[in-house]
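Any read-out appearing in this document is the output of simple, stated calculations on the displayed coordinates, not a laboratory observation. Treat the numbers as computed from the prediction; the structure is a model and nothing was measured. When we count neighbours, we look across all protein chains shown, and the Cβ atoms used for this are built from the backbone with ideal geometry, even at glycine.
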Amino acid sequence: MKRIITFVAAALTAVMAISANAQVKKVSILGDSYSTFQGHNPEGYAPFYPNDRNDCVKVEQTWWDLYIKAMGYQLEENNSWGGTTICNTGYGGMDSSASAFTSRVDMLGDPDIIFLFGGTNDAWAGSPVGEYQYEGWTAEDCKSFRPALAKLLDALQKHYPKATVYSILNSELREEINESCRVICKHYNVQLIELYDIEKQNGHPSIKGMQSICDQLIDAIK
């Protein structure tokens with residue numbers, strides 16, 4: 001009898017452990033330099049962090065590591081690449097299609113949550129904004145921000161139907177980019193989290209800025 005009770009107790013414990021693990025949400029990030037950290041992004045991608053002109057020098061200080069640990073989640077993939085744009089037009093008008101967000105859609109694993117954190121380089125590079133367009137995108141269309149963002153959100157929702165997509169918008173960007181994100185995210189019913197008062201060093205979130213991003217995400221996602 002004792003053996004049966006012990007066996008049943010062990011089985012229940014195992015089932016509970018499996019159930020607990022199954023409930024842990026997996027987070028993937030599609031981003032630019034704000035979400036990079038050396039050794040935590042795909043090989044060959046350019047990271048910004050750590051950087052001798054910014055006090056965020058540990059992965060534990062990044063917004064995404066802070067958020068994931070605070071929520072009890074786990075990281076699935078961090079596909080972030082410094083200097084990349086959502087559209088196919090980068091700095092100096094260069095063709096950035098090889099590294100653009102739209103070219104990395106299928107590299108996020110099997111997430112429950114996707115954080116899209118981009119648009120900063122599109123704003124800083126002066127990439128063309130273009131017109132609102134929600135279907136039939138061509139390579140030429142995706143040289144502009146609005147069509148490229150629409151194509152990106154459409155692809156994320158179709159490629160990861162079980163995942164919830166959140167779009168994070170950096171503070172202090174030009175209003176054309178801000179308003180474009182609001183309109184397009186609303187069209188796809190994607191929650192847009194507009195950051196504010198993010199402390200930066202060398203144009204990138206400091207330790208304080210990273211913590212603020214984490215706190216704002218927690219506050220925005222109920």
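Structural remarks
- In summary, Asp106 fulfils each of the numbered conditions (1) under 14 Å from the mean Cα position of the chain (by Cα); (2) buried (at least 17 other Cβ atoms within 10 Å of the Cβ); (3) assigned to a loop (DSSP other than H, G, I, E, B) with the single exception of condition (2).
- Any hit, segment 81-93, residues being more than 23 Å from Cys185 (Cβ to Cβ) and free of Cβ contacts under 8 Å to residues at least 24 places away in the same chain: yes
- Scope segment 67-96; condition within 18 Å of Asp219 (Cβ to Cβ) and under 14 Å from the mean Cα position of the chain (by Cα); matching residues: Tyr67, Ile68
- Annotation: of all residues in segment 195-218 being touching a helix residue (DSSP H, G or I) at 6+ places or on another chain (Cβ under 7 Å) and among the charged types (D, E, K, R), the one that is farthest from Val57 (Cα to Cα) is Asp197.
- Within segment 135-184, the set of residues being touching a helix residue (DSSP H, G or I) at 6+ places or on another chain (Cβ under 7 Å) and over 24 Å from Pro111 (Cβ atoms) comprises Asp141, Phe145, Arg146, Pro147, Leu173, Arg174, Ile177, Ser180.
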